[in-house]
Amino acid sequence: MHPSHETGMGIACGVRLYVIQETTVNLGKTGRRPGERIAEASPNFTGDWFPDGTLADVLDIVERVIQHLVSLNPESRPVVGVERFACWSGGIGCHTVFIQAEFDPPPSPKHNNAFGARPSTGKRFMIRTEMPYRPNALSLCMIVKNEERNLPRCLDSVQDLAGELIVVDTGSTDQTPRIAARHGAEVVRFDFASVDFAAARNRGIERASGRWILVLDADETLDRASAPEIERLVGLDENAGYYLERHNHASDSASPTTDYVVRLFPNRPYHRYRGRVHETIDASILSGGGRLRKSGIRIDHSFASDRETRRRKNHWYIEILKEEIAADPSDDSRLDFLAAEYHQLEMFDEATEIAERIAQMRPLDARAHLFVGTYHLLYKPDLAQARADFSQALKLRPGYAEAESFLQLIDQQERSQYRP
């Protein structure tokens, strides 16, 4: 066994890494395609299952193996490439790293292939951690109030998937807390006298012990066909928040609407919700170095559509959003929600004013200019200003299809006005 491999094996065993494998590879010396395997690998398995392995653990091992390879060849640069990828196979999430190295002297002759090819001076190390999905890796976090009718269906939808259920109750007067407890949930009482949905959600996350968090509301259910996808993403354990596809079923509509919400993310101290209403976690994931990605996970949201109740909620949210904006005028994300609340109330003049403020605060945001342009075109007609808005959006994002379509619509309207 080559000394670098022997030491690499020792490093792996020392940290209970699952697999480290040495493979002789062709570096173009025998006329074959560079990088093609020229001898069957001689797998060497060591250690036991690595149950808590993460990408960070794998990269730590990679660093130590590379340091040893360099120590064997201090006068050269033995490591010529490192590749990393995540995969999913047979219900197991894997992080795999390949280290391509060149050695002097060359590897053992035992690696000659069946066709008599001379041994290459290249070796490839595979370092891999396998992480079977475990239910206690996932915590479901919810906030509820008087949800005795909806809660059982929601909790049943995550049965055997989430090993921990955290239910934050903001003041129920019905059987909601007892129902949660019967399902095995930890019920956390939360004083909601001062309305702050982000604070309530964060209280639940703080109590969660799972490595990953799944967030649902009581009137939502997980599509059970999505469970394998959740297991896969949790197993991969990457620093990312995942958008879930939410199908909204209103009681007065036959056709559901679809939107996307970030509801699955790693449980990390800096992943916290922001916003007293319309709370989101997206910004904290991004600021912590994570990414936001789409997933194939689906949830269904069923709600009673009561127009008067909806209007009261709109007005309630508007007042809270105004308070948030007054407290931090630099947070333009609150303006997006304020415009949406005005729009739902058909208060289009107010919505247009907020859209104008958004475009002023985000002068380089093509979508902001497109957004205000739609108001100037459709709700508070000003064709000249709408043209300017869409033109600016197109300037910022050449080929912006929506902006081009609106400009064509303005051209048609103007031609029809001057047609005899």
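The values are calculated or read from the model by the stated rules, or taken from the named source; none is laboratory data. This structure is a prediction, so every number in the text was calculated from the model and none was measured. Backbone-built Cβ (ideal geometry, glycine too); neighbour counts: all protein chains shown.
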Using the structure shown, decide if residue 217 is at pLDDT 95 or above, under 15 Å from residue 262 (Cβ atoms), surrounded by fewer than 20 Cβ atoms within 10 Å (Cβ to Cβ) and assigned by TED's automatic domain parsing to the domain that holds residue 261. yes
Just the residues that are more than 17 Å from residue 208 (Cβ to Cβ) and in contact with an Asp or Glu (Cβ under 9 Å, 6 or more places away or on another chain), please, taken from segment 155-169. 157
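Every residue, every condition in (1) closer than 30 Å to residue 312 by Cα; (2) surrounded by 16 or more Cβ atoms within 10 Å (Cβ to Cβ); (3) among the β-branched types (Val, Ile, Thr), yes or no:
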| residue | (1), (2), (3) |
| --- | --- |
| 344 | yes, no, no |
| 352 | yes, yes, yes |
| 361 | yes, no, no |
| 375 | yes, yes, no |
| 397 | no, yes, no |
| 401 | no, no, no |
On the given criteria, is residue 398 at pLDDT 95 or above and not in a helix (DSSP H, G or I)? yes
Hey, among the residues in segment 209-225 that are in contact with an Asp or Glu (Cβ under 9 Å, 6 or more places away or on another chain) and outside any strand (DSSP E or B), which one's nearest to residue 277 (Cα to Cα)? 217
Cβ-Cβ distance below 6 Å, separation of 6 or more or different chains: which pairs start in segment 376-402 with a residue that is under 24 Å from residue 340 (Cβ atoms) and end on one that is surrounded by fewer than 16 Cβ atoms within 10 Å (Cβ to Cβ) and at pLDDT below 95? 376/382
For residues in segment 165-208 being assigned to a strand (DSSP E or B) and more than 22 Å from the chain's Cα centre (by Cα), which is farthest from residue 275 (Cα to Cα)? 186
Of everything in segment 226-258 that's modelled with pLDDT under 90 and assigned to a loop (DSSP other than H, G, I, E, B), which residue is surrounded by the most Cβ atoms within 10 Å (Cβ to Cβ)? 237
